[in-house]
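Below: one structure, written as structure tokens.
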Amino acid sequence: MNAGSITAEISRVRDRLSRLEAERIALQGELEALERQLDAVERTRTEQVTLEGAAVVNSSSSQEKIDLFRSLFAGRSDVFPLRWENRKTGRSGYSPACFNEWARGVCGKPAVKCSDCPHQSFIPPDDAIIEKHLRGDGGRNGDFVAGVYPLLPADTCWFLAADFDKASWAEDANALLEACRAKGIPAALERSRSGNGGHIWIFFSEPIPARLARQLGSVLITETMERRPEIGFASYDRLFPNQDTKP
């Protein structure tokens, strides 16, 4: 083998080593990402709250379940938002539930916003509405999904929720849960209806100023990012209530 052949062989080996190193780095990154996902799943499974001795269980009466739900997801008692979906356009959203919705000669939608309508007759979220929401039964109109307006007239709220979506939602949400537990703040993780996101809920024993609740959420998110700088929180969307005062 002459010098030229040896040089070419050295170049070939070095080129292959370079490709192998690039592949090793890529696989190492993929492995670390998978390990983080597994860790997040394991934490969620092992840190679930035990239901032993719970006041309300699966065999409890409907009224007991409704009362528990209302005590946690408490908001305005005079109005609630109802989810709508346009199957033609694929658009969806929430609008105030109103007795006069789409009533001919009364309802001005979509030209007139509900907030500006002189014929407002909002439906209060009573027990029947909550039971209908929990059963998800909308009759001929499809699923019945009620929301909640968390900001009370006095600019207070009963809970704080952090919304996460996108691919990294589980990892980011679990990181925030860790920060809550480190501070001794009870918090619960709920998967969103789409399955591609989640909500962290913090419930208060009494209504507190929404400004204070949102400050709490901001501090927890900031501390989470400081404790785990590798978490980019790209999936974090917003807090609910999403404002300090009622316009």
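Restricting to segment 223-247, give me the number of residues that are under 19 Å from residue 180 (Cβ atoms), in contact (Cβ under 8 Å) with a residue 60 or more places away in the chain and surrounded by 14 or more Cβ atoms within 10 Å (Cβ to Cβ). Qualifying residue count for the region: 8.
Considering only segment 203-219, I want to know if a residue exists there that is open to solvent by 20 Å² or more (accessible area, probe 1.4 Å), over 21 Å from residue 80 (Cβ atoms), of a type in the set (S, T, N, Q) and under 17 Å from the mean Cα position of the chain (by Cα). So far as segment 203-219 goes, yes, one or more of its residues are open to solvent by 20 Å² or more (accessible area, probe 1.4 Å), over 21 Å from residue 80 (Cβ atoms), of a type in the set (S, T, N, Q) and under 17 Å from the mean Cα position of the chain (by Cα). Residues in segment 149-188 that are closer than 22 Å to residue 68 by Cα and either open to solvent by 60 Å² or more (accessible area, probe 1.4 Å) or assigned to a loop (DSSP other than H, G, I, E, B) (or both): 149, 150, 151, 152, 158, 185, 186, 187.
Output the residue which, of all residues in segment 218-247 that are basic (Lys, Arg) and not in a loop (DSSP other than H, G, I, E, B), is farthest from residue 168 (Cα to Cα).
227
Of the residues 115, 77, 95, 71, the single one that is touching a Cys at 6+ places or on another chain (Cβ under 7 Å) and either part of a strand (DSSP E or B) or surrounded by fewer than 17 Cβ atoms within 10 Å (Cβ to Cβ) (or both) is 95. Among the numbered conditions (1) at pLDDT below 95; (2) closer than 24 Å to residue 85 by Cα, the only one that residue 170 does not meet is (2). Within segment 130-146, the residues that satisfy the criterion of being open to solvent by less than 30 Å² (accessible area, probe 1.4 Å) and under 13 Å from residue 70 (Cα atoms) are 130, 146. The residues of segment 80-92 that are assigned to a loop (DSSP other than H, G, I, E, B) and either more than 18 Å from residue 150 (Cβ to Cβ) or open to solvent by 50 Å² or more (accessible area, probe 1.4 Å) (or both), listed by number, are 86, 87, 88, 89, 90, 91.
The values are calculated or read from the model by the stated rules, or taken from the named source; none is laboratory data. Just so it is clear, the structure is predicted and the values come from calculations on it, not from any experiment. A quick note on method: Cβ atoms are made from the backbone with ideal geometry, for glycine too, and the neighbour counts reach across all protein chains shown. Each accessible area value is taken on the protein alone, full model and side chains, heavy atoms only, with ligands, DNA and RNA left out. Shrake-Rupley method; radii C 1.70, N 1.55, O 1.52, S 1.80 Å.
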